[in-house]
Amino acid sequence: MRSWQKLAARPDSAMGRFLVQREHIGARRNADLAVASAARVRDVEALMASVFATSQDGILIVGADNLVAVANAAADALIGRPWLAAGDCRIERLIPDIDLATRDGRYREGLLAHADGRALPIEYAVTSVCGEDSTNHVIVLRDISERKRHEGTLRHQATHDPLTGLPNRTLLTETVEARLAAADGAGSRFALLLLDLDRFKEINDTLGHDIGDDLLCRLADRLRLQDPQFGFVSRLGGDEFALLIDPVPDQQTAQQVAEALAARIEEPFMLRDLSLGVEASIGVALFPDHAGSMKDLLRCADVAMYEAKQRRTRFATYDSHVDRNSIRHLTLTGELKRAVEDNEMRLEYQPKLCLAGFRPFTAEALLRWHHPTLGKVSPTEFIPQAEQTGLIGALTINTLGTAIRQMADWEKRGLAMSVAVNLSAQVIHDRNLPKMVDDLLCQHALAPGRLTLELTESAIMHDPEGALQVAHEVAEIGVRLSIDDFGTGYSSLAYLSRLPVRELKIDRSFVSRMLGSPTDATIVRSTIDLAHSLGMEVVGEGIDQIEILHRLVALGCDYGQGFLIARPTVPTELSRVVLDAVRRAHREWGIGTGGDAPDVRALQATAAAELIRAAAAAVGE
Ligand code: C2E
Ligand code: CA
Ligand code: CA
């Protein structure tokens, strides 16, 4: 006990007397106050009633029987009618999910049954007030529909693509993951389709981004609106879309949907007076057949899509065998730089022959990668990677150097063969190209007209004005320019006529189909006429049947190239391969001059010399 407490305990002490006195005064004052308080209590009650009545928050008082006893005006407004007029009613009818046991005063979200039948989003807090023999619940509630709307807008923005309004990758992932969680390991089958437009970049570059955007929106409409079988459609970015088809009974059905989808996309789009035909590649992956997680499903669909693009089959279903190829693809990408440095690249040459007299004309240099363990790798496998990784520049400089040196070497051996080299987009936009080509030709004292540079339409359309500039500089030197794969791009005739092009190569897809398809036959015939009227020469590539060769000769096509005439071959074999073709053409196909022409006799001599050289080398070994 402290010292003052001890003092107070003794009434005779000064402190004790003081405390007793203070108690008397307190009692008297309390009696006075009681009178004043009665008036104050009435005021306070009125004030509280007024607070209750005018509160911005709705307040409901619920009795122990769960019936609403009182509601304030704000609550009536939220409910949409005066509560008391509704007769007695249980609180659960008003707020179905309410749990009156949670009387902690914390706000929770819920729905209020509005008089007009709507479910109004609210937040509410429950507290309890204990009376003498019962407990009342006080529920304070607020309308949060505005906030919910705002949250909804934000969520929509986070889960949808602003351009097309389609769900985005986030929402697709959520949807698939929810589906996977519900499937719980087993469950029914569903399919994920990944769709990528072919050469969309070219459309953007050539026709402008506005048209590109329009095209994406129109495509989204086609996918979204017309066909419930296309299921949940989302845009993953760029020209990549994904579709969730759920459920799907089997692989065949998923493929049918992919086929219908491809057909739907191929119907021409009318965009600002422009009829635009586009194609897509679609990859199909199935749950649970191919993968069990969203990440793996996407990867499988991606592998399948890549396969469809490579094989130009419009759609492909995931195949683990192909997946091993895609591992090979990754390996190759990783090793490309080393391969260029270690000179694992070789050139093969495929002749383009003059169809009128079946005379040798040019050999196209085609890259081959001799991989130490994988063997010969096709350029269709590694050129796209070289382009993406920026290695294409170095690779092309090597190729140009090798091909021009080869031409000089053939020349020494009596074979007057020109060469053609393929150029990628990045290379044709390289301002150093003209000088480099000029230097190489001068170094070997070769006429510039002996070199042809082949460019695809899509490579040029990467940057049409830049390409025009470099193309003119190259042409001024005297080098021939050729448009490769003609007919597959989106370049305009107006633009092409500004290019100093000497040759058009009709894409082999048209040539190979020209016997069976009247449309392709017309394309081939009109390309030949068009080229001639513009003063250009024409090459038919991909000739692999004698009937096609005859048809092209009849149409006045200037040059022919294809497996029928000769396959790409190593430089030392070229003279023999060409000689073979010239002889066959004369004897079997009734074209050309046989052995009389001076260039054919020269060819014969070179081929013989090459044979002797090869034999000597073999003996030397
Ligand atoms: P491309 O320039 O259109 O070359 C013609 C391709 O068609 C060659 O394939 C050739 O072997 C093939 N071919 C020729 N005749 C026939 C035929 O009768 N039937 C069929 N089915 N195919 C035929 P390859 O050598 O695999 O080259 C593929 C593509 O790789 C080339 O297409 C070219 O775009 C690219 N490429 C090759 N070498 C180079 C290069 O040095 N630089 C660049 N940038 N691209 C290259
Ligand atoms: Ca070519
Ligand atoms: Ca070609």
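For the range 511-537, the set of residues classified as assigned to a helix (DSSP H, G or I), within 16 Å of ligand 3 (Cβ to nearest atom), open to solvent by 20 Å² or more (accessible area, probe 1.4 Å) and not β-branched (Val, Ile, Thr) consists of SER512, ARG513, listed by residue number. The set of residues from the range 419-433 being away from ligand 2 (no atom under 14 Å from the Cβ), more than 16 Å from GLU476 (Cβ to Cβ) and among the polar types (S, T, N, Q) comprises just one member, GLN426. Contact map, the range 356-368: residues that are over 14 Å from SER482 (Cα atoms) and of a type in the set (A, V, I, L, M, F, W, C) paired with residues that are away from ligand 1 (no atom under 13 Å from the Cβ) and open to solvent by less than 20 Å² (accessible area, probe 1.4 Å), Cβ distance under 6 Å, separation 6+ or inter-chain. Pairs shown: PHE358/VAL582; PHE358/ALA585; PHE358/ILE591. Of all residues in the range 102-115, those that are over 12 Å from ILE139 (Cβ atoms) have Cβ atoms under 8 Å from Cβ atoms of residues that are of a type in the set (Lys, Arg), 6 or more apart or on another chain, in ALA113/ARG93; ALA115/ARG81. Restricting to the range 428-437, name every residue that is away from ligand 3 (no atom under 16 Å from the Cβ) and either assigned to a helix (DSSP H, G or I) or surrounded by 21 or more Cβ atoms within 10 Å (Cβ to Cβ) (or both). If the condition is that a residue be away from ligand 3 (no atom under 16 Å from the Cβ) and either assigned to a helix (DSSP H, G or I) or surrounded by 21 or more Cβ atoms within 10 Å (Cβ to Cβ) (or both), then LEU433, PRO434, LYS435, MET436, VAL437 are the ones that fit.
If you filter the range 349-369 down to residues that are surrounded by fewer than 24 Cβ atoms within 10 Å (Cβ to Cβ) and not in a strand (DSSP E or B), you find that the one that is modelled with the lowest pLDDT is GLY357.
From the set of residues in the range 49-72 that are part of a loop (DSSP other than H, G, I, E, B) and modelled with pLDDT of 90 or more, which is surrounded by the fewest Cβ atoms within 10 Å (Cβ to Cβ)? The residue in question is GLN56. Consider the range 489-500 and keep the residues that are open to solvent by less than 40 Å² (accessible area, probe 1.4 Å) and modelled with pLDDT under 90. The one that is farthest from ligand 3 (Cβ to nearest atom) is TYR495.
Of the candidates GLU473, GLU465, GLU503, the single residue that is within 30 Å of GLY208 (Cβ to Cβ) and open to solvent by less than 10 Å² (accessible area, probe 1.4 Å) is GLU503.
The values are calculated or read from the model by the stated rules, or taken from the named source; none is laboratory data. Worth saying up front: this structure is predicted, and the values here are computed from it rather than measured. Note that we place each Cβ from the backbone using ideal geometry, even for glycine, and neighbour counts take in every protein chain shown. Side chains included, ligands, DNA and RNA excluded: accessible areas come from the protein's heavy atoms. Shrake-Rupley method; radii C 1.70, N 1.55, O 1.52, S 1.80 Å.
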